[in-house]
Amino acid sequence: MLPVFSIRTKLILAFALMYSIPIAILSYSFYKDSVGLSKEQNLNTVNQNLDLADETLQSTLNKAKEDLISIGTLSSFINYAFNKTPQENDYPSELVNDLYSFLTNKKAYNQFTFTDLTGQEKIKIIYDGYKTYLVQETDLANISNLDLFTQVKKLINDKAYISFSETGDSILISKPYRTDDEKLKGVITLSLRTSSILETLQKNQLSKEYVILINEEGNYITQSKSGVSSVIRDYPEFAEAIRTETKGQIFSKSISSYITFTHANLSQFSTAEKSWILMSIIEKDVIEKDIQTSLSKTLVYIAPLFLVVTLFAFLLSGLIARPINIFKNTVEEIIQKGNLNKQVNIKSKDEIGYLAEKFNELLDRLKDYYENLENKVKEKTLEIRKFQQAVEASTDGIIITGTDSDIIYVNPKWEFFTGYNLDEVKGKKPTFLKSGKTPKYVYEEMWIALKNNREYYTDEIINKRKDGTEYNTELAIAPITESGRTIYYVGIANDITKRKEVDRMKSEFISLASHQLRTPLSAMRWFLEMLLDGDAGEINGEQREYITNVYQSNNRMIELVNALLNVSRIESGRIMVDPVPTDLEELVKSVVSETKVKYTEKKQNIIVSIHSSLPKINIDPKLIRHVFLNLITNAIKYSPEGGEIHIFVSKNDKEVMVQVSDTGYGIPETEQTKIFQKFYRGSNIIKNEIDGNGLGLYLTKAIVESSRGRIWFESEENKGTSFWFTLPLGGMEARQGEVSING
Amino acid sequence: MPKENPSLMVVEDESLLLQAIIKKLDTYKVKTVSCTNGGQAFDYLENLTQLPDLIWLDYHLKDMDGLEFMNKLKMREKWKDIPVVVVSNSASDDKVHNILGLGAKKYIIKAEHRLDDIIKTVLEII
């Protein structure tokens, strides 16, 4: 799985998150401060500018006053003013010229008037912005009834009088004109264009800020371009403010503007006006525009900061994530290419470095392990192949099944004698081979053995080939276990039809021959008996001795035939097992008493010791009796006179164990492996004991083993022999058969 | 207890054995009728004025086996109570079991016993 969010992305996001919050807070407060500052600053500026405007207004008016005074000091004006009666031809052309040049130079003034004491205008020069001209005498008016004239005449100090022109486009600055001896000569007035004042006032203002001058009634002293109608008329609260405050600031919602006002300082002048008010009107947008400016200003500061931080986050996360990425890429390469020689090359001294170091160690170990494993696999494969070939080439049929008994494998030999091939039988249960003729107990015993993880052998199975013909098979089946759990069953199976046939024929032959032998043997026996009984007349001692020898030999022959018959029965599997609950103690004692004649004859002693609480066990008494009889008879037969025979019968929780020990001749060590073989007789006893046919122990072993017991012995020549055999406490299993052992 | 002068029918196809048996029985003063096959035995039984006290029967006869003989014998009312002792050389359990089931008194293996002992056992039964 590829990482959806790389560590680097996560780190960047984490850093961004970490820095974003303080940056946002910082930006906000910066913006907030900046906005507040800017607005305040702007309004302050407006205030200051308004103060400045006030000063400008004063200085303009003062300048006008000084200009007025300077006109009064002109020699041409003095000459004219002091000329008592000016003549018609006595036109003051010099004065007019001076005034012309004055007005033209100053440009701010549009008119100069000199009025005599009677109130009659004497000189009036007008400047219309382009040219200067003298008003004709006929057009001069008498202003004696004007408030202006009376007020100015009264002025005694140096103050100038200011008033509005009738047209409203000018401010009139007037002064009484006196001689050096303080004799009043008239009134001089300079008319200042309001537009010129406005220009001056506007000089220091912010853009889009309009300064206007109004009187207390709200009438405009100067005209404004703003198109604001009478502020005082429209806003009573403003009228209230200018009445009570000398200075103030108001926000007007209707025109969406800040209005700043101040009462103009006219203390140096005399006037009829109550108050002049300087007003600054600035639209809210202008102030707000400055706020937006502060936003962009904020952005200008914050954006680079943010960029720097992000860049830093990128670099830092890259630095942190780099070893992890190297790690990741190396691991990917190792996985994709299977290259275990690769190493993670990270030298950092942190956890990742440590991890890389350990990972490399792990890789080394893995490499070693892998190389080792490879060799081992090669070795094992070779070994397995060896076994596989052995199994395939085996002359025994081999079948492997799962625990569910489904066939996993059969070898060619198995295929050969069953006629089926592996593909046909794979996954099937081997029950298709059943002919129905195998004794049921075989399968029962087999499953009991396999369930208990034991091996099982049988040669009694009769199966069917693919072509339907029957065959005898012997089967050795063993569970294959791994850590105590069965995983497979392996069966070695062989077609033993021919062998069975041969065995059967052999047994039949022996059986038939034995029967045929018995008839003449019986005849011999009975006639000899009659001879010995004197039925044919008296016989002498020597004759009796000879006939007795013949008789005994004949009896041995009969015994041999009986033993051969039993062997052939055992071997043919036709022995019947008929288990009944049997008291072993009783059985042993009866066998002992049966042999009493023999052992007392040899002055021997038999000591029987039996477990005190031996339960009855389910055995075929006829068969087990034969075992006891054989072992005890052997002990008697192969022990010298006066010997002692011990019989112990003990038990544990699984089986009964019987021991028969004698103090006899023993079995030569070199021959001990042969003693259960057919017709074997100890080389040391043949000389002493002619009786015996070498079939007894063979038969005994066959019986014990067919009863699921074990038999073994220990022997030392001339010291004695001990035989042990066991019988399962669970007893023997019944078996149908044709014949039983002949005693 | 042995009967005074009992009569025995011995059915044995082996003439040597038959000879031995008859001779030995003579020493016991037993009247004997000897037959060498089954057919002969039944002929005698048909014709004898006095039925034998016991039949000594070999299992394997040339014309029939012991089972067949027993079945035939048991079919006739006057014969069915005659005791039969089987004296044979072969003794599979099945054979023994079957023939005792048909009413034979005993099954004796010839070669394993003295003739004397067999005769004593047989006379005990009469």
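The values are calculated or read from the model by the stated rules, or taken from the named source; none is laboratory data. Source: prediction; values computed, not measured. Don't worry about glycine lacking a Cβ; one is built from the backbone with ideal geometry, like all the others, and counts go over all protein chains shown.
Which one of A:337, A:358, A:347 is touching a helix residue (DSSP H, G or I) at 6+ places or on another chain (Cβ under 8 Å) and surrounded by fewer than 15 Cβ atoms within 10 Å (Cβ to Cβ)?
On the way: A:337 fails: touching a helix residue (DSSP H, G or I) at 6+ places or on another chain (Cβ under 8 Å); A:358 fails: touching a helix residue (DSSP H, G or I) at 6+ places or on another chain (Cβ under 8 Å).
Within the list A:337, A:358, A:347, the selection yields A:347.
If we scan the stretch A:78-92, do we find a residue that is assigned to a helix (DSSP H, G or I), of a type outside the set (Gly, Ala, Ser), buried (at least 17 other Cβ atoms within 10 Å of the Cβ) and not assigned by TED's automatic domain parsing to the domain that holds residue A:247? So that I can check it myself, show each step before the final result.
From the stretch A:78-92, those assigned to a helix (DSSP H, G or I) are A:78-82; that's our starting set.
In the following step, the residues that additionally are of a type outside the set (Gly, Ala, Ser) were identified as A:78-80, A:82.
Next, from what is left, pick out any that are buried (at least 17 other Cβ atoms within 10 Å of the Cβ): A:80.
From what is left, the residues that are not assigned by TED's automatic domain parsing to the domain that holds residue A:247 are A:80.
Checked the stretch A:78-92: at least one residue is assigned to a helix (DSSP H, G or I), of a type outside the set (Gly, Ala, Ser), buried (at least 17 other Cβ atoms within 10 Å of the Cβ) and not assigned by TED's automatic domain parsing to the domain that holds residue A:247.
Report yes if some residue within the stretch A:182-201 is surrounded by fewer than 21 Cβ atoms within 10 Å (Cβ to Cβ), modelled with pLDDT under 85, among the hydrophobic types (A, V, I, L, M, F, W, C) and not in a strand (DSSP E or B); otherwise report no.
Yes; the residues of the stretch A:182-201 include at least one that is surrounded by fewer than 21 Cβ atoms within 10 Å (Cβ to Cβ), modelled with pLDDT under 85, among the hydrophobic types (A, V, I, L, M, F, W, C) and not in a strand (DSSP E or B).
Search the stretch A:322-348 for residues that are in contact (Cβ under 8 Å) with a residue 60 or more places away in the chain and in a helix (DSSP H, G or I) and pair each with any residue that is surrounded by fewer than 12 Cβ atoms within 10 Å (Cβ to Cβ) and charged (D, E, K, R) when their beta-carbon atoms are under 8 Å apart and the residues are at least 6 apart or on different chains.
Correct list of pairs: empty, since none qualify.
Being more than 10 Å from chain A (Cβ to nearest Cβ) and of a type in the set (Val, Ile, Thr) is the filter; apply it to the stretch B:9-26 and report the residue that is surrounded by the most Cβ atoms within 10 Å (Cβ to Cβ).
B:11
Of the residues A:679, A:723, which is more than 60 Å from the chain's Cα centre (by Cα), in the same structural domain as residue A:605 (by TED's automatic domain parsing) and surrounded by fewer than 21 Cβ atoms within 10 Å (Cβ to Cβ)?
Numbers: A:723 fails: surrounded by fewer than 21 Cβ atoms within 10 Å (Cβ to Cβ).
Of the residues listed, the single one that is more than 60 Å from the chain's Cα centre (by Cα), in the same structural domain as residue A:605 (by TED's automatic domain parsing) and surrounded by fewer than 21 Cβ atoms within 10 Å (Cβ to Cβ) is A:679.
Any residue at all in the stretch A:136-151 that's touching a strand residue (DSSP E or B) at 6+ places or on another chain (Cβ under 6 Å) and either exposed (fewer than 11 other Cβ atoms within 10 Å of the Cβ) or hydroxyl-bearing (Ser, Thr, Tyr) (or both)?
No.
If you go through the stretch B:69-92 one residue at a time, do you hit one that is within 14 Å of another protein chain (Cβ to nearest Cβ) and loosely packed, with under 15 Cβ neighbours inside 10 Å?
no
Would you confirm, using the coordinates I've provided, whether residue A:507 is at the interface with chain B (Cβ under 10 Å from one of its Cβ atoms), among the polar types (S, T, N, Q) and surrounded by 15 or more Cβ atoms within 10 Å (Cβ to Cβ)? Talk me through it step by step, then tell me what you get.
Values: at the interface with chain B (Cβ under 10 Å from one of its Cβ atoms): no; among the polar types (S, T, N, Q): yes; surrounded by 15 or more Cβ atoms within 10 Å (Cβ to Cβ): yes.
Criteria not met by residue A:507.
Can you name the residue in the stretch B:71-122 that is more than 29 Å from residue A:527 (Cβ to Cβ) and of a type in the set (S, T, N, Q) and is also modelled with the lowest pLDDT among such residues?
Taking the stretch B:71-122 and keeping what is more than 29 Å from residue A:527 (Cβ to Cβ), we get B:71-81, B:93-94, B:97-98, B:100-103.
Narrowing further to those that are of a type in the set (S, T, N, Q): B:71, B:98.
Values: B:71: 92, B:98: 83.
Of everything passing the filter in the stretch B:71-122, B:98 is modelled with the lowest pLDDT.
Considering only residues that are within 11 Å of chain B (Cβ to nearest Cβ), without any contact (Cβ under 8 Å) to a residue 40 or more places away in the chain and among the polar types (S, T, N, Q), which ones fall in the stretch A:543-582?
Hits for the stretch A:543-582 are A:554, A:555.
Taking residue A:151, is it touching a residue at least 12 places away in the same chain (Cβ under 8 Å), assigned to a helix (DSSP H, G or I) and not hydrophobic (A, V, I, L, M, F, W, C)?
Working: touching a residue at least 12 places away in the same chain (Cβ under 8 Å): yes; assigned to a helix (DSSP H, G or I): yes; not hydrophobic (A, V, I, L, M, F, W, C): yes.
Answer is yes for this residue.
In this structure, does residue A:536 turn out to be within 13 Å of another protein chain (Cβ to nearest Cβ), of a type in the set (A, V, I, L, M, F, W, C) and in a helix (DSSP H, G or I)? Walk me through it before giving the result.
On the way: within 13 Å of another protein chain (Cβ to nearest Cβ): yes; of a type in the set (A, V, I, L, M, F, W, C): yes; in a helix (DSSP H, G or I): no.
Spelling it out, it is not the case that residue A:536 is within 13 Å of another protein chain (Cβ to nearest Cβ), of a type in the set (A, V, I, L, M, F, W, C) and in a helix (DSSP H, G or I).
Can you go through B:29, B:95 and tell me which one is within 14 Å of another protein chain (Cβ to nearest Cβ), surrounded by fewer than 19 Cβ atoms within 10 Å (Cβ to Cβ) and more than 12 Å from the chain's Cα centre (by Cα)? Don't jump to the end; show me each part of the working.
On the way: B:95 fails: surrounded by fewer than 19 Cβ atoms within 10 Å (Cβ to Cβ).
B:29 is the lone residue from the list that is within 14 Å of another protein chain (Cβ to nearest Cβ), surrounded by fewer than 19 Cβ atoms within 10 Å (Cβ to Cβ) and more than 12 Å from the chain's Cα centre (by Cα).
Residues A:253, A:274, A:297: which one is at pLDDT below 80 and under 30 Å from residue A:24 (Cα atoms)? Don't jump to the end; show me each part of the working.
Details: A:253 fails: under 30 Å from residue A:24 (Cα atoms); A:274 fails: under 30 Å from residue A:24 (Cα atoms).
A:297 is the lone residue from the list that is at pLDDT below 80 and under 30 Å from residue A:24 (Cα atoms).
What are the residues in the stretch A:267-285 that are hydrophobic (A, V, I, L, M, F, W, C) and either crowded, with 17+ Cβ neighbours inside 10 Å or assigned by TED's automatic domain parsing to the domain that holds residue A:150 (or both), if any? Don't jump to the end; show me each part of the working.
Filtering the stretch A:267-285 down to residues hydrophobic (A, V, I, L, M, F, W, C) leaves A:269, A:272, A:276-279, A:281-282.
The answer is A:269, A:276, A:277, A:278, A:279, A:281, A:282.
Quick test for you: out of A:145, A:157, pick the one residue that is at pLDDT 80 or above and farther than 23 Å from residue A:79 by Cα. If you could, list the steps in order and put the result at the bottom.
Details: A:157 fails: at pLDDT 80 or above.
Residue meeting the stated conditions: A:145.
What pairs come out if I take residues in the stretch A:429-440 that are assigned by TED's automatic domain parsing to the domain that holds residue A:409 and farther than 15 Å from residue A:419 by Cβ and pair them with residues that are among the aliphatic types (A, V, I, L, M) and assigned to a helix (DSSP H, G or I) whose C-beta lies under 9 Å away, six or more apart or interchain?
From residues that are assigned by TED's automatic domain parsing to the domain that holds residue A:409 and farther than 15 Å from residue A:419 by Cβ, there are no pairs.
For the stretch A:382-413, enumerate the residues that are within 12 Å of residue A:490 (Cβ to Cβ), surrounded by 13 or more Cβ atoms within 10 Å (Cβ to Cβ) and not polar (S, T, N, Q).
The answer is A:391, A:396, A:397, A:398, A:399, A:400, A:402, A:407, A:408, A:409, A:410.
Do you know which residues across the stretch B:1-16 are over 20 Å from residue B:124 (Cα atoms), within 13 Å of the chain's Cα centre (by Cα) and modelled with pLDDT of 90 or more? First the steps, then the outcome.
Let us first name the residues in the stretch B:1-16 that are over 20 Å from residue B:124 (Cα atoms), namely B:12-16.
From the residues that got through so far, the ones that are within 13 Å of the chain's Cα centre (by Cα) too are B:12-13.
Result: B:12, single match.
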